[in-house]
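Heads up, the thing below is written out as C-alpha cells.
The values are calculated or read from the model by the stated rules, or taken from the named source; none is laboratory data. Note that the coordinates shown come from a computational prediction; the quantities given were computed from them, not determined experimentally. Using ideal geometry, Cβ is built from the backbone for each residue, glycine included, and neighbour counts are taken over all protein chains shown. In case anyone asks, the SASA skips ligands and DNA or RNA and just uses the protein heavy atoms, side chains included. Shrake-Rupley method; radii C 1.70, N 1.55, O 1.52, S 1.80 Å.
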Amino acid sequence: MNEKHKMTTKEVANEKSERIMNGVAYWGSYYRKNPQRFCKDYLNIHLKLFQKILLYMMMINNYFMFCASRGLGKT
C-alpha cells in the first residue's frame, strides 16, 4: 500500500493557487517594509539616500511633513 497519491486536476490547481498567493503575501509584506527597494527593483527608479529616507519615513508615520528648500523640484 505504498502507492503515491495521484492528485486530481482540481487539487493541482488549488495547490498552485495557494503557492502563488503565499508568494504574493511574502513579497507584499517585504516591499511594504522596504518601499525604497520597491522603487529600485520594480519601478527601476534609483533614489538618492535622502529620498530613500523620506520615502521610508512616509511609510511608517501617519503624519509627515517635509519642508524642502529651493532646487528639490517640489512642483
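Whenever a residue of the stretch 42-63 is of a type in the set (D, E, K, R), it has no partner that is modelled with pLDDT of 90 or more and assigned to a loop (DSSP other than H, G, I, E, B) lying with C-beta atoms less than 6 angstrom away and at least six residues away or across chains.
Would you mention how many residues in the stretch 1-25 are in a helix (DSSP H, G or I) and farther than 22 Å from Ile45 by Cα? Total satisfying the criteria: 16.
Which of the following residues is in a loop (DSSP other than H, G, I, E, B) and open to solvent by less than 100 Å² (accessible area, probe 1.4 Å): Phe64, Phe50, Phe38? Residue meeting the stated conditions: Phe64. Every condition in (1) under 19 Å from the mean Cα position of the chain (by Cα); (2) modelled with pLDDT under 90 is met by Lys6 except one, and the failing one is (1).
Here the condition is being charged (D, E, K, R) and touching a helix residue (DSSP H, G or I) at 6+ places or on another chain (Cβ under 8 Å); of Lys6, Lys52, it holds for Lys52 alone.
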